[in-house]
Amino acid sequence: MPLSLTKRGLMLLMRAIGFFIGLFGIAARAFDFPLRHCGSRITQPTSEPLLLLSGVQLAKLIRRRKVKCIDVINTYIDRIKEVNPMINAIVKDRFEAAQQEALAVDKRLSEEQEDEATLEKKWPFLGVPLTVKEAFELHGMPNSSGLVNRRNVVSKSDAIVVALLKQAGAIPLGVTNCSELCMWYESSNNVYGRTNNPYDVQCIVGGSSGGEGCALAAACSVIGVGSDIGGSIRMPAFFNGIFGHKPTSGVVSNEGQFPVAMGAQEEFQCTGPMCRYAEDVEPMLRVMAGPGVHKLKLDKKVPAQKIKFYWMEHDGGSLLVSRVDEELLQAQKKVVRHLETVLGASVQHVKLRQMKYSYQIWVTMMSTKNHDGMETVKLQELLGDHGKPVWPLWELMKWVLGMSTHTFPSIGLGLLEPVLKYDSQTCAKYEELRHLQCPGLACDSVPTWPE
C-alpha cells in the first residue's frame, strides 16, 4: 500500500515534532548546569524492607498481622517525600486520608478473627499502597489530564476500576502525572510540569501513564492504574523498568477517565494494571476486570510447551521509523533462547511486511467511526474542554511567543487533525493485518517484538 503525498507529509511532520521536542530537551540539558554539576541525576535507591515487597506479599503480611498497615503506608509516604521533589511523579497526594484508612485496617484486624483465606478472598490487596493516573477519577483528587482549562476540576467519585481496587483493600496515596489529554509519549503538561526518570532525571518517563510508571519504579508505590490507547501503559513500563499490561479490549472498564474515548478509539483504549513486581499483574487484573473477568481464562493452566511464540525484530523497514537499538535486539534474542531451551516452547521467526504501515493504520483508526456510527471527539474540542474549540494555528503562534497554555505536542496533533480523515484503503489494510498477523495465530499463540 504506497503512501500518498498527504500521508507522507503527515508522517514526516509527526517525526519533525518528535525531532524538535528532542532538540529542546538537548538544549535544556545543556543549560541545566546546577543539576548536571551540583546535584544527583539518580534518585536514592532504597533498602527499606517494606518498600521491596510486592503487593501480594504486603497484603499477606498485613492479613497475618505480622506488619501494621499504618507502618506500610507511613513508609511509602516517607519515600514519596524523599524522592518526589526530584521526579515529580505524584502530582497530588492524600496522605492524611490514607493514614486514616490504614488505621481502620489495623483496627478491623485487631477486632475480627477471620481466617487468612477468608480475608484474602474479601480483600486480596488489603492495605496495599496504590497510585492512580490523574486522568482517572479518584474522589477528592484533581482530574485535569494535564489540561489547564481543567486544573480546578476535582473528582466527586471514583472511576469503576479505582472503586474495585479500593474494595479489594488497596489504599490510594495520590494521583500521578500524564501528558496533556494523554496524547503524547512524554508525561509533561502545563498544569504539573514534566515527570523525570528515576534512573536519570534528565531522561523522560514515557507516556501517557508516565507518572505512574515513574512512581512505581522509584518505590513510591507498588501497584497502579494506567490506560493505553497507543502504548500509554507499555511505553512507561519500558521506560521505567516496571510491569504493565494492556488487557483485551472490553475486559476492564474505561468509565471514569478523561478524555473519554469515542468512535473506533473505544476499541483501542484499555485500562490496565501497572506494578513493580510481576506476581501482582494477574491478581490486579482479576480485581480490575470486575464482571469482565469471565471473558478471561485466568484459572486455566497453560504449559509453556503448548504456546506458540512468534517474534520479529522490527516493523519491516519503514524509512520513517528509527532503527531498533542493538541492545534491545540482543535482549529479545535472549528471551527467545530462554523460551526454547529452558521452557521448551515453540518459537518461530516471522516477517510481516505490512507491519510497517502500523502507525499509518493507527492514526487513521483514531479518527474513524465505530461500528455504531459514533464519531470520535475532535482534539480541538478536547483542548477547549468541550467549550469553544481551540484553533491550533493560533495556539502555535501563541506558543512561539510563550503565551499558549497548551503543550507543543498537543498543538501539533491539533494541526494534523484535519488530515486524519477516514481512509477506506487504510481501514481495509487494518482489517487485512488483523486477520493475517502470524500464521495460525490463535488462542495458543503469542506475537512479540520490540515496540
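The values are calculated or read from the model by the stated rules, or taken from the named source; none is laboratory data. Quantities reported herein were computed from a predicted structural model and do not represent experimental measurements. Because the Cβ atoms are built from the backbone with ideal geometry, glycine has one as well, and the counts that use them run over all protein chains shown.
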Check: Is there a residue in segment 137-153 that is assigned by TED's automatic domain parsing to the domain that holds residue 75, part of a strand (DSSP E or B) and among the hydrophobic types (A, V, I, L, M, F, W, C)?
Finding: no
Notebook entry, point to check: Does segment 226-241 contain at least one residue that is in contact (Cβ under 8 Å) with a residue 12 or more places away in the chain, over 24 Å from residue 197 (Cα atoms) and not charged (D, E, K, R)?
Noted result: no
Notebook entry, point to check: With 302, 251 as the choices, which residue is under 24 Å from residue 134 (Cβ atoms) and in a loop (DSSP other than H, G, I, E, B)?
Noted result: 251
Item checked: Options 348, 354; residue that is part of a helix (DSSP H, G or I) and either in contact (Cβ under 8 Å) with a residue 24 or more places away in the chain or over 30 Å from residue 151 (Cα atoms) (or both) -> 354
Notebook entry, point to check: Is one or more of the residues making up segment 314-325 over 22 Å from residue 228 (Cβ atoms), surrounded by 14 or more Cβ atoms within 10 Å (Cβ to Cβ), touching a Ser or Thr at 6+ places or on another chain (Cβ under 8 Å) and not assigned by TED's automatic domain parsing to the domain that holds residue 261?
Noted result: no
Next item on the list: Could you tell me whether residue 327 is farther than 30 Å from residue 255 by Cα, acidic (Asp, Glu) and touching a strand residue (DSSP E or B) at 6+ places or on another chain (Cβ under 6 Å)?
Entry: no
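Residues are listed down the side, and each one gets a yes or a no for (1) surrounded by fewer than 20 Cβ atoms within 10 Å (Cβ to Cβ); (2) within 17 Å of residue 53 (Cα to Cα); (3) acidic (Asp, Glu); (4) in contact with a His (Cβ under 6 Å, 6 or more places away or on another chain):
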{"position": "215", "(1), (2), (3), (4)": "no, yes, no, no"}
{"position": "241", "(1), (2), (3), (4)": "yes, yes, no, no"}
{"position": "272", "(1), (2), (3), (4)": "no, no, no, yes"}
{"position": "275", "(1), (2), (3), (4)": "no, yes, no, no"}
{"position": "282", "(1), (2), (3), (4)": "yes, yes, yes, no"}
{"position": "287", "(1), (2), (3), (4)": "no, no, no, no"}
Notebook entry, point to check: So which helices (runs of 4 or more DSSP H) are wholly in segment 26-94 and hold at least 1 residues that are modelled with pLDDT of 95 or more?
Noted result: 55-63, 69-87
Margin query: On the basis of being out of contact with any Gly (no Cβ under 9 Å at 6 or more places or on another chain) and outside the structural domain of residue 389 (by TED's automatic domain parsing), does residue 110 make the cut?
Written below: yes
Checklist line | Residue among 223, 233 that alone is crowded, with 24+ Cβ neighbours inside 10 Å and touching an Asp or Glu at 6+ places or on another chain (Cβ under 7 Å) | finding: 223
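Per-residue answers, yes or no, for (1) more than 21 Å from the chain's Cα centre (by Cα); (2) free of Cβ contacts under 8 Å to residues at least 24 places away in the same chain; (3) more than 28 Å from residue 197 (Cα to Cα):
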{"position": "90", "(1), (2), (3)": "no, no, no"}
{"position": "111", "(1), (2), (3)": "yes, yes, yes"}
{"position": "115", "(1), (2), (3)": "yes, yes, yes"}
{"position": "123", "(1), (2), (3)": "yes, no, yes"}
{"position": "131", "(1), (2), (3)": "no, no, no"}
{"position": "140", "(1), (2), (3)": "yes, no, no"}
{"position": "143", "(1), (2), (3)": "no, no, no"}
{"position": "172", "(1), (2), (3)": "no, no, no"}
{"position": "177", "(1), (2), (3)": "no, no, no"}
Note to self: Looking at 302, 324 in this structure, which one is in contact with a His (Cβ under 6 Å, 6 or more places away or on another chain) and of a type outside the set (Phe, Trp, Tyr)?
What the structure shows: 324
Margin query: Just checking, does segment 289-298 include any residue being surrounded by 15 or more Cβ atoms within 10 Å (Cβ to Cβ), among the charged types (D, E, K, R), within 24 Å of the chain's Cα centre (by Cα) and not in a loop (DSSP other than H, G, I, E, B)?
Written below: no
Margin query: Restricting to segment 253-270, name every residue that is crowded, with 20+ Cβ neighbours inside 10 Å, hydrophobic (A, V, I, L, M, F, W, C) and either at pLDDT below 95 or outside the structural domain of residue 143 (by TED's automatic domain parsing) (or both).
Written below: 261, 264
Next item on the list: Determine which member of the set 347, 324, 363 is of a type outside the set (S, T, N, Q), touching an Asp or Glu at 6+ places or on another chain (Cβ under 7 Å) and under 30 Å from residue 264 (Cβ atoms).
Entry: 324
Note to self: Is it the case, given these coordinates, that residue 401 is modelled with pLDDT of 90 or more, of a type in the set (A, V, I, L, M) and outside the structural domain of residue 259 (by TED's automatic domain parsing)?
What the structure shows: yes
